[in-house]
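Bear in mind that the values in this text are calculations on the coordinates, not laboratory data. Model, not experiment: these values are computed from the prediction. Here the Cβ positions follow ideal geometry from the backbone for every residue, glycine too, while neighbour counts run over all protein chains shown.
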């Protein structure tokens, strides 16, 4: 662990399995506090338990989905609050 991400918070959607889970473990191993968000509750909670047991910091966020004509939309997300990050130079 190099702590390259110490003091940072990583929000990983789809983080309960696959590439998302690998990213969550990597970021936690580098010192980030990780928020794992997914619809797969059992997998997400198990991943967070493993990260915390290994000395990392992680929490699981339950994401619900509802079917709409246009596809899947997250419940409870106020899209007006989502902003693009500003690039620093």
With each label point set 7 Å from Cα along the Cα-Cβ vector, what nm distance links residue 11 and residue 62? 2.0 nm
Gained length - residue 39 relative to residue 53, 0.36 nm times residue gap less alpha-carbon distance: 2.8 nm
